[in-house]
Amino acid sequence: MTDFEHIPVLADELIDSLNIVPEGIYVDGTAGGGGHSSLIAEKLSGKGRLIAIDQDEEAIAAAKEKLEKYGDRVTIVRDNFRHIKSILDDLGIMEVNGIILDIGVSSHQLDDAKRGFSYMKDGPLDMRMDRQSSITAEDLVRESTEEELTDIIKSFGEERYAKLIARAIVKKRSIVPIKTTLELKAIIEEAVPKRAGNNGNPAMRTFQALRIEVNHELDALNESLDTMIDLLAPKGRISVISFHSLEDRIVKENFKKNEDPCTCPPSFPVCVCGNVSKGRRINKKAITAGEKELEENPRSHSAKLRTFEKA
């Protein structure tokens, strides 16, 4: 029995957003422990199909266990959702009725000290979602220049003290290797001015930035959304849950662009660019968790759901 636990965030809202067709084909690009996947699978008929994708071997094991009862209605694939086109090609699937993504780190990954995602637990500086990948957070901390570290922490962590933190890391590593999460956390706490009005721990943004860089999370999202929309059948939907502003901005801007791709100057009386809308945004304002979920699952506080429907 696997101990992979992950409470699916915005579960009811996500399932509602998909407008599920019982005989349709659906893709969960971030299956995790199978929470969202199982909710989709139970709404499918014997003719329906779910493709559950995840790059984390522990998530795959948990998903197989949770989804086993649905038999051949479910296909589980260990891969990154950025390869969705080739995954579906290999399965002989040309279009799907719905796709979901739950972006970010899972509860299980955060709670497992040996994965190195959390600044609250002592563990190796790993942070790889796919442990077949070669680059770890320790590698970044050890090998990146001060300028590279500053850019990573500022760009992916939106950290105002990125330069101070990068400088402190480089200074400390010249004395002793930085190998654990709590060692890095202590360096960050020492570097950030005590008067700084940080929400939460001063290490939070830096850990987020390193995780995003290690897993190329924003690249995968940027590269995939257009492809995913193209893979949808008419009236098919893609729903994305994001947990911080960088991800949400990518999703918001992509959906807006696909709804209104016209590049003509506002002064033109008619469109001449030839770009055609691929569909519409179901909700122009992101859906967030209700009071009950916020009380029961603190990690739902920053979750935002956006949905796009193919024309």
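The values are calculated or read from the model by the stated rules, or taken from the named source; none is laboratory data. Everything numeric in this text was worked out from a predicted model, so none of it was measured. Here Cβ is always computed from backbone atoms with ideal geometry, including for glycine, and neighbour counts include all displayed protein chains.
Results, tabulated for the structure shown:
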| quantity | calculated |
| --- | --- |
| Segment 94-145 - residue that is closer than 30 Å to Ser17 by Cβ and acidic (Asp, Glu) and, of those, surrounded by the most Cβ atoms within 10 Å (Cβ to Cβ) | Asp102 |
| Residue ID - surrounded by the fewest Cβ atoms within 10 Å (Cβ to Cβ), chosen from residues in segment 70-93 that are outside any helix (DSSP H, G or I) and without any contact (Cβ under 8 Å) to a residue 40 or more places away in the chain | Gly92 |
| Filtered residues of segment 122-131 (kept if of a type outside the set (A, V, I, L, M, F, W, C) and either touching a strand residue (DSSP E or B) at 6+ places or on another chain (Cβ under 9 Å) or at pLDDT 95 or above (or both)) | Asp122, Gly123, Pro124, Asp126, Arg128, Asp130 |
| Answer from Ile76, Ile53 - the residue that is among the aliphatic types (A, V, I, L, M) and under 17 Å from the mean Cα position of the chain (by Cα) | Ile53 |
| Conditions (1) modelled with pLDDT of 95 or more; (2) in contact with an Asp or Glu (Cβ under 9 Å, 6 or more places away or on another chain): number failed by Thr145 | (2) |
| In segment 163-178, the residues that are touching a residue at least 24 places away in the same chain (Cβ under 8 Å) and surrounded by 14 or more Cβ atoms within 10 Å (Cβ to Cβ) | Leu164, Ile165, Arg167, Ile169, Val170, Arg173, Ile178 |
| Residues located in segment 268-311, provided they are assigned to a loop (DSSP other than H, G, I, E, B), within 22 Å of the chain's Cα centre (by Cα) and among the aliphatic types (A, V, I, L, M) | Ile282, Ala286, Ala289, Ala303 |
| Verdict on Pro265 being part of a strand (DSSP E or B), of a type outside the set (Val, Ile, Thr) and over 13 Å from the mean Cα position of the chain (by Cα) | no |
| Verdict on Lys171 being modelled with pLDDT of 95 or more, under 28 Å from the mean Cα position of the chain (by Cα), charged (D, E, K, R) and more than 23 Å from Phe243 (Cβ to Cβ) | no |
| Residues of segment 3-56 classified as among the acidic types (Asp, Glu), free of Cβ contacts under 8 Å to residues at least 60 places away in the same chain and buried (at least 23 other Cβ atoms within 10 Å of the Cβ), total | 1 |
| Every residue from segment 227-250 that is at pLDDT 95 or above, out of contact with any helix residue (DSSP H, G or I) (no Cβ under 7 Å at 6 or more places or on another chain) and part of a helix (DSSP H, G or I) | Asp230, Asp248, Arg249 |
| Filter result (under 9 Å from Ala63 (Cβ atoms) and part of a loop (DSSP other than H, G, I, E, B)) within segment 24-47 | Ala31, Gly32, Gly33, Gly34 |
| Subset of segment 94-109 that is closer than 21 Å to Arg205 by Cα and in contact (Cβ under 8 Å) with a residue 60 or more places away in the chain - its residue that is farthest from the chain's Cα centre (by Cα) | His108 |
| Residues satisfying the stated conditions in segment 97-134, i.e. of a type outside the set (Gly, Ala, Ser) and under 18 Å from Ile169 (Cα atoms) | Phe117, Tyr119, Asp122, Pro124, Leu125, Asp126, Met127 |
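Residues checked against (1) free of Cβ contacts under 8 Å to residues at least 60 places away in the same chain; (2) in contact with a Ser or Thr (Cβ under 7 Å, 6 or more places away or on another chain); (3) small (Gly, Ala, Ser); (4) surrounded by fewer than 18 Cβ atoms within 10 Å (Cβ to Cβ):
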{"site": "Phe255", "(1), (2), (3), (4)": "yes, no, no, no"}
{"site": "Pro266", "(1), (2), (3), (4)": "yes, no, no, yes"}
{"site": "Val272", "(1), (2), (3), (4)": "yes, no, no, yes"}
{"site": "Arg280", "(1), (2), (3), (4)": "yes, no, no, yes"}
{"site": "Ile287", "(1), (2), (3), (4)": "no, no, no, no"}
{"site": "Asn297", "(1), (2), (3), (4)": "no, no, no, yes"}
{"site": "Ser302", "(1), (2), (3), (4)": "yes, no, yes, yes"}
